Amino acid sequence: MAAEDDEQRDNAAPTLAQELGVDNFLERIIYFRKNNLYTAIGTSFPIVLVIEREKLVFFAPHRPLEYEP
Amino acid sequence: MKCQCETYLLLDWQYCPVCTAPVLITDQSDELKSRGFHRFPAAFAPLSYRFGKHVADQSWFYATFCQYVLLIKFDPTQLVYFRSTLLDRYFCFVGPNPPVATNEAFWCAISLVTDRYFRRRAAIYSWSSSQEQQIVEAWYDLIDLAFLVHEKNTVLETSKIAEWSSRLDEMQTQETGPHLACQLCESKCKYGEDIKFMITNDPLAIGEARSSVEGKSDSQQIEQLAWFARLWTERTLCLYDEDFAFCMSINVADRLGWSPERVHQLMVPIRESCHIDSCPEV
């Protein structure tokens, strides 16, 4: 995969997780895309992109970390 | 948690409602030495420390942590996937809306249980303090990424996690195991301590094992023991490992009160029954 694609995909992951409702309490997101897995738990821990079981990309937060009911 | 006047207190109460005494924070001096403290000091603030310590003191949390380390040995990506299980169990215990930040109290709990786990390992396997320090620091480097947020994105190769697991396995290698039957095990002693703890703290599993072997002949008991070990192995690791299942069988037999001589006598058929082809269909 080209470096540009990699960068685009990595930048998209937090947005994607946000779109899928990561900030719902305890909600877990597992999203398959091009053999990769995006996973996130609530907003307390880093969002992680698992690339073909060989690399884990831990994302910096893009919003407040704690869920507020 | 109890007050001096024997009143039950909730974790977030500052004062006892009966005798009005302030709720004392447990002495934190030992825990402040935790390596987790230096990575996230806010997690060791009094209230989150009180929650974190309460969770870390539960045997089920320690058992879940043992499972976490075991799973990572077989699948490094469990470093992130198993977070949800740990968190689910944390919330089952503290309730859905605890008055502390989740990431703080949880980091405190995971740090305390990490320290306890490796301290125990160091004592059992006679590690030097520098060996212990190295393996613990390397472990913190991994969970730091999984549980703490950082300002920059970070990439971790799963081979690094596998390297850490191999190093831990090497440090746990022994010539002999704690049981006579361990002579048939080829993984001495990667699983013994974790399995012993998990079995001891799972009365339901032991009850299930007891009811499945009671009143049966020797050969049926061995088959049932292997069947139970297979179920438990797959439930714990999400895959099958023969040495793990054998270790499980030996530990369950021990908990069921089988004498060491009897287990020694039956170890060959038990081992054969743990072989995947000879296990009865689940």
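The values are calculated or read from the model by the stated rules, or taken from the named source; none is laboratory data. Just so you know, these numbers come straight off a predicted model, no measurement behind them. Don't worry about glycine lacking a Cβ; one is built from the backbone with ideal geometry, like all the others, and counts go over all protein chains shown. Calculation scope for accessible area: heavy atoms of the full protein, side chains included, ligands and nucleic acids excluded. Shrake-Rupley method; radii C 1.70, N 1.55, O 1.52, S 1.80 Å.
Could you please report the charge total around B:W107, scoring K, R as +1 and D, E as -1 over all other residues with beta-carbon less than 11 angstrom from its beta-carbon?
-1
Once you place label points 7 Å from the Cα toward the Cβ at B:D88 and B:F74, how far apart are they in nm?
If labels sit at B:D88 and B:F74, their model points lie 1.6 nm apart.
Determine the total buried accessible area between chain B and chain A, counting protein heavy atoms only with a 1.4 Å probe; round to the nearest 100 Å². Could you put the intermediate results ahead of the total?
Details: alone 14380 and 5290 Å², together 17110 Å².
Roughly 2600 Å² of accessible surface disappears when B and A pair.
Starting from the Cα gyration tensor of the stretch B:180-273, take the square roots of the eigenvalues, sort them a ≥ b ≥ c, and report rounded, prolate or oblate (rounded when a/c is under 1.5, otherwise prolate if a/b is larger than b/c, else oblate).
Working: a/c = 1.38, a/b = 1.10, b/c = 1.26.
Cα axes put the stretch B:180-273 in the rounded bin.
If amide H atoms are built 1.01 Å from N in the plane of the peptide, which residues on other chains or at least 5 residues away come under 5 Å of the amide H of B:E157?
A:L56
Find out how many positive minus negative residues lie around B:Y62, taking Lys and Arg as positive, Asp and Glu as negative, among other residues whose Cβ is under 14 Å from that of B:Y62.
Local charge sum for B:Y62: +2.
Applying a 10 Å radius around every beta-carbon, put B:168-175, B:235-242 in order of their mean neighbour count, most first. Can you show the working numbers first?
Numbers: B:168-175: 13.4, B:235-242: 15.8.
The densest-packed peptide leads the list: B:235-242, B:168-175.
Take B:T154 and B:L239, extend 7 Å from each Cα along the Cα→Cβ direction, and tell me the distance between the two endpoints in nm.
Going from the B:T154 label point to the B:L239 one covers 2.5 nm.
Could you derive backbone 3J(HN,Hα) for the stretch B:44-57 from the dihedral phi with the Karplus parameters 6.51, -1.76 and 1.60 (θ = phi - 60°), listing whole Hz in sequence and x where the residue is Gly or Pro?
Taking θ as phi minus 60°, the curve returns 9, 5, x, 5, 5, 5, 5, 5, x, 5, 4, 5, 5, 6 Hz for the stretch B:44-57.
With θ taken as phi - 60° and the coefficients 6.51, -1.76 and 1.60, list the Karplus ³J(HN,Hα) couplings across the stretch B:245-258 in order, rounded to whole Hz; mark glycine and proline as x.
After applying 6.51 cos²θ - 1.76 cosθ + 1.60, I find 5, 5, 4, 4, 4, 5, 5, 5, 4, 4, 5, 7, x, 5 Hz.
Take every residue in peptide B:149-162, count the Cβ atoms of other chains within 10 Å of its Cβ, and give the average of those counts.
For peptide B:149-162, the averaged partner shielding equals 5.
What relative contact order, as a whole-number percentage, does chain B give when Cα pairs under 8 Å and 6 or more residues apart are counted?
Once normalised by length, the contact order is 16 percent.
Through the Karplus equation 6.51 cos²θ - 1.76 cosθ + 1.60, θ set to phi - 60°, convert the phi angles of the stretch B:80-91 into ³J(HN,Hα) values in whole Hz; use x for Gly and Pro.
Karplus-based 3J(HN,Hα) across the stretch B:80-91 equals 9, 5, 6, 4, 5, 5, 4, 5, 4, 5, 4, 5 Hz.
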